[in-house]
Amino acid sequence: MVDQVDVLVVGGGVNGVGIARDAVGRGLSVWLCERDDLASHTSSAATKLIHGGLRYLEQFEFALVGKALAEREVLLRAAPHIIWPLRFILPHQPHLRPAWMIRIGLFLYDHLGRGRRTLPGSRRVRFAKHVTGEPLRSEFHQGFVYSDAWVQDARLVVLNAMDAVHRGAKVETHTKCISARRDADGWTAELEARDGSRHFVKARALVNAAGPWAASFLDDVVHLKHSHTLRLIKGSHIVVPKIFDHRYAYIFQQPDRRIVFAIPYERDFTLIGTTDIEYKADPSHPVIEAEETQYLCEAVNRYFKKQLTPSDVVWSYSGVRPLLQDESGSASEVTRDYLLDIDTDGAPLLNVFGGKLTTFRKLSEEAVDKLAPLLGNDKPAWTADARPLPGGGERDIDALTDDIRSSRPWLPETFAWRLTHMYGTRARDLLGEANGLAALGEHFGSDLYQAEVDYLVRHEWVTEAEDILWRRSKIGLRVGADDVRRLTEYLNRRVPQGAATHP
């Protein structure tokens, strides 16, 4: 038996799931396959910001920044439980950029984009009278503050996939597209599950959302000639015990004119990143190099009183961004815009090249705008004003946290905070009728219990410990080797190994 759909999407990163959700919401039948876990690669290795990209103004990327700032407002409404406002402090170093240049840039940043703006604008700040001045070295007297937003990036991917499935899409993880051929009726793709079993899917259109592998997908799977080249840029981040005790983030200018962020992370840590390095190796498993760790430590040491060394790093991660090839000499200056290339020499093939986390929804909308009419579908775009993503039904997440705690006084405050900032209103479903921590089942370290693990297996495609500890959450920062072993053993009993998952 061969399954038949309108659209087959290859790639379970943020662009792939965004396109799948948009397409199924317009009435097209959709199948998505991902060879690993959702958000396994680029989409879980970002700086985790929903932002316009202040530094792109220097590259005159006004259209990209404006588009991203407009999207920031849309996404804040769509997922208030995993996306929330964050104020950024930019200490001023006159020899790097004059104050007038920064003021002009921030004025543009406050006013680019369309539609309603809900975040406060930028202003000058004097560190002697502001909480953010305390961690800074004494030579810094003033700076600027502006608004952007923070996102739990891998969860954004998962929630889009959940909404796509709710609307009728099929999502298979650990399922690789090993071949796709075009014929008069469309595309026939052969998919291989982790256990080696294979099946075929026929689709009227194919979407290549393979991220860093988008070009090689055309070469090795579809076997089509093309002229597209991606420039792979590795970005690395380090996590250290928190080096300041407030809710602001910092953006630091560097002598090489790059910028580095220092961001409050998981309540007890600080996230520092990112680097931008040309990358030629396999994008599957990039790792941070010692030189990158040293660079990031030195970048923040120029600003903070507390001096970091590589020994302070408790975790690091790296991702490979597939950016459009351009004439930029510097990796940090390569455009973050995207290209949607549609091949209609037969059944439609839509290729996605480039992009950034913030603009994924707009990219997805534009992709389906191109694709749907070729399939006889003229339904309008809908995601900009759609209901919130799963769990996002209450905008005041602090009030939701308080409500859940008041009805469950046995729930520790930090645990309740984590649940609502991961699951939103669905935290109530996860907790169910439990009347104490013991009722949540087996304990796997930190505040991870069986009830949450079972929820993630049922609803969020989890099959392995890493899916939970480093993508659905960052509990991996707080558990030990024995906890990981017990969680792995439990999942091996709970999840049929080798099977593709599609909750």
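The values are calculated or read from the model by the stated rules, or taken from the named source; none is laboratory data. The model shown is predicted, which means the values in this text are computed figures rather than measured ones. Because the Cβ atoms are built from the backbone with ideal geometry, glycine has one as well, and the counts that use them run over all protein chains shown. Only protein heavy atoms, including side chains, enter the accessible area calculation; ligands, DNA and RNA are left aside. Shrake-Rupley method; radii C 1.70, N 1.55, O 1.52, S 1.80 Å.
The figures follow:
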| read-out | value |
| --- | --- |
| Test: GLY105 is crowded, with 19+ Cβ neighbours inside 10 Å, small (Gly, Ala, Ser), touching a residue at least 40 places away in the same chain (Cβ under 8 Å) and touching a Pro at 6+ places or on another chain (Cβ under 6 Å) | no |
| Failed item, numbered, when PRO503 is tested on (1) at pLDDT 95 or above; (2) assigned to a loop (DSSP other than H, G, I, E, B) | (1) |
| Number of positions in the stretch 237-281 that are over 21 Å from the mean Cα position of the chain (by Cα), of a type in the set (A, V, I, L, M) and surrounded by 16 or more Cβ atoms within 10 Å (Cβ to Cβ) | 1 |
| Among residues of the stretch 294-316, those that are open to solvent by 20 Å² or more (accessible area, probe 1.4 Å) and in contact with a Pro (Cβ under 9 Å, 6 or more places away or on another chain), counted | 6 |
| Some residue of the stretch 189-207 being assigned to a helix (DSSP H, G or I) and out of contact with any Asp or Glu (no Cβ under 7 Å at 6 or more places or on another chain) | no |
| Residue check for LYS129: open to solvent by 20 Å² or more (accessible area, probe 1.4 Å), within 30 Å of GLY168 (Cα to Cα) and either at pLDDT below 90 or basic (Lys, Arg) (or both) | no |
| Leading residue by the ranking (surrounded by the most Cβ atoms within 10 Å (Cβ to Cβ)) among those in the stretch 108-120 that are assigned to a loop (DSSP other than H, G, I, E, B) and on the phi < 0 side of the Ramachandran plot | LEU112 |
| Residue count, the stretch 288-317 (criterion: farther than 20 Å from TYR250 by Cβ and touching a Phe, Trp or Tyr at 6+ places or on another chain (Cβ under 9 Å)) | 1 |
| Subset of the stretch 74-101 [in contact with a Phe, Trp or Tyr (Cβ under 6 Å, 6 or more places away or on another chain), of a type in the set (A, V, I, L, M) and farther than 19 Å from ILE397 by Cα] | ILE89, LEU90 |
| From THR488, THR425, residue being among the β-branched types (Val, Ile, Thr) and touching a residue at least 60 places away in the same chain (Cβ under 8 Å) | THR425 |
| Neighbours by Cβ (under 9 Å, 6+ apart or cross-chain): first from the stretch 58-69, under 17 Å from ARG258 (Cβ atoms); second open to solvent by 50 Å² or more (accessible area, probe 1.4 Å) and not in a helix (DSSP H, G or I) | GLU58/ARG257 |
| Some residue of the stretch 46-61 being at pLDDT 90 or above, among the aromatic types (Phe, Trp, Tyr) and surrounded by fewer than 19 Cβ atoms within 10 Å (Cβ to Cβ) | no |
| Filter result for the condition that a residue is open to solvent by 70 Å² or more (accessible area, probe 1.4 Å), farther than 30 Å from ARG458 by Cβ and within 29 Å of the chain's Cα centre (by Cα), over ARG194, ARG123 | ARG123 |
| Scan of the stretch 175-190 for residues that are out of contact with any Phe, Trp or Tyr (no Cβ under 9 Å at 6 or more places or on another chain), modelled with pLDDT of 95 or more and open to solvent by 10 Å² or more (accessible area, probe 1.4 Å), ordered by number | LYS176, ILE178, SER179, ARG182 |
| Residues satisfying the stated conditions in the stretch 441-483, i.e. closer than 16 Å to SER316 by Cα, assigned to a loop (DSSP other than H, G, I, E, B) and open to solvent by less than 10 Å² (accessible area, probe 1.4 Å) | SER473 |
| Selected residue [within 30 Å of GLY25 (Cα to Cα), modelled with pLDDT of 95 or more and buried (at least 16 other Cβ atoms within 10 Å of the Cβ)] from LYS170, LYS234 | LYS170 |
| Unmet requirement for LEU323, which otherwise passes all of (1) within 30 Å of HIS92 (Cβ to Cβ); (2) assigned to a strand (DSSP E or B); (3) at pLDDT 95 or above; (4) open to solvent by less than 20 Å² (accessible area, probe 1.4 Å) | (3) |
| Residue check for PHE144: within 30 Å of GLN93 (Cα to Cα), open to solvent by less than 20 Å² (accessible area, probe 1.4 Å) and not charged (D, E, K, R) | yes |
| Residue in the stretch 292-315 that is modelled with pLDDT under 95 and either assigned to a helix (DSSP H, G or I) or of a type in the set (Asp, Glu) (or both) present | no |
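Per-residue answers, yes or no, for (1) open to solvent by 10 Å² or more (accessible area, probe 1.4 Å); (2) more than 31 Å from the chain's Cα centre (by Cα):
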| site | (1), (2) |
| --- | --- |
| HIS92 | yes, no |
| PHE140 | yes, yes |
| TRP150 | yes, no |
| ALA154 | no, no |
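Each row is one residue, and each column tells you yes or no for (1) in contact (Cβ under 8 Å) with a residue 40 or more places away in the chain; (2) under 29 Å from VAL484 (Cβ atoms); (3) open to solvent by 50 Å² or more (accessible area, probe 1.4 Å); (4) in a loop (DSSP other than H, G, I, E, B).
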site	(1), (2), (3), (4)
ALA384	yes, no, no, no
ARG395	yes, no, yes, yes
ASP403	no, no, yes, no
PRO409	no, no, yes, yes
